[in-house]
1. Restricting to region 136-151, and then to whatever is modelled with pLDDT under 95 and within 11 Å of VAL173 (Cα to Cα), can you tell me which residue is nearest to the chain's Cα centre (by Cα)?
2. Residues GLU148, GLU171: which one is within 21 Å of ALA89 (Cβ to Cβ), among the charged types (D, E, K, R) and loosely packed, with under 14 Cβ neighbours inside 10 Å?
3. Quick one: ALA97 ticks every box in (1) out of contact with any Asp or Glu (no Cβ under 6 Å at 6 or more places or on another chain); (2) crowded, with 18+ Cβ neighbours inside 10 Å; (3) assigned to a strand (DSSP E or B) except a single one, so which number is it?
4. Please state which of the following conditions VAL135 fails to meet, knowing it meets all the rest: (1) surrounded by fewer than 14 Cβ atoms within 10 Å (Cβ to Cβ); (2) hydrophobic (A, V, I, L, M, F, W, C); (3) touching an Asp or Glu at 6+ places or on another chain (Cβ under 6 Å).
5. Restricting to region 151-168, give me the number of residues that are surrounded by 15 or more Cβ atoms within 10 Å (Cβ to Cβ) and in contact (Cβ under 8 Å) with a residue 60 or more places away in the chain.
6. Give the residues of region 1-57 that are in a loop (DSSP other than H, G, I, E, B), in contact with a Phe, Trp or Tyr (Cβ under 9 Å, 6 or more places away or on another chain) and either among the polar types (S, T, N, Q) or free of Cβ contacts under 8 Å to residues at least 40 places away in the same chain (or both), sorted by residue number.
7. Conditions: (1) among the basic types (Lys, Arg); (2) at pLDDT 95 or above; (3) more than 25 Å from ASP24 (Cβ to Cβ). ARG133 meets all but one. Number of the miss?
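The values are calculated or read from the model by the stated rules, or taken from the named source; none is laboratory data. From a predicted model like this one, the values you see are computed outputs, not experimental measurements. Glycine gets a Cβ as well: all are built from the backbone with ideal geometry, and neighbour counts include every protein chain shown.
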Amino acid sequence: MSTVAIILAADSGSRFVGPKYLADIRGKPMLQWVVDSCMDWPVEERIVVLGSEADRIVDAVDFGDMTVVIDSEWSEGSASPLRAALDLASRDQSVSACVIARGDQPDVKVSTVAALLEVAADTEADTVVPKYRYVSGWPIILDYSIWEHLLAAEGSVDLPAVAASHATSPEQVWFDHLPPKTYESPDDLA
């Protein structure tokens, strides 16, 4: 059985001037940091889902051997890019779980993903979420059994809430550090 990483980077980031995922962080595009980190995650496949400004992002970011999915329906809400990625991942019968991460969280540690995946492998958990100093966050590990609930989702989806409500055997992994910063507006870049 294998695991796929899914990076969600489809929203427009309307508060940004230009593509949100190309915002400069420490000298390179935000999404490049996420992609570079993902290349070291202990997964067999990697998918990134783009939507808004996809052509500009593809030209600016080196995706290496990642599969790039361009979701033409991204503006319908966060469920659409998630459905696009899960639909692609579900076509491979060997894939049993996925790591779902945000394209606007460039500082997710490889050790965090490894710890989450270790708990997923060692338990019967269908959902594994990180808890950073009392705050749940991302990335989220989802077993194949949860995907059916997300493949039918529409509009905007609060993935942690959906995962928690459908999980029959959830697990949390505690980390004694703050969650990775999420860049949702230009103010977050300061």
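1. The selected residue is GLY137.
2. Values: GLU171 fails: loosely packed, with under 14 Cβ neighbours inside 10 Å.
One residue alone meets the criteria, GLU148.
3. Going through the list (1) out of contact with any Asp or Glu (no Cβ under 6 Å at 6 or more places or on another chain); (2) crowded, with 18+ Cβ neighbours inside 10 Å; (3) assigned to a strand (DSSP E or B), ALA97 breaks only (1).
4. (3)
5. 3
6. Result: SER12, ARG26, SER52.
7. The failed condition is (2).
Here is a yes/no grid of residues against (1) closer than 26 Å to LEU116 by Cα; (2) β-branched (Val, Ile, Thr); (3) crowded, with 23+ Cβ neighbours inside 10 Å:
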site: ALA10; (1), (2), (3): yes, no, yes
site: GLY18; (1), (2), (3): no, no, no
site: LEU31; (1), (2), (3): yes, no, yes
site: ILE57; (1), (2), (3): no, yes, yes
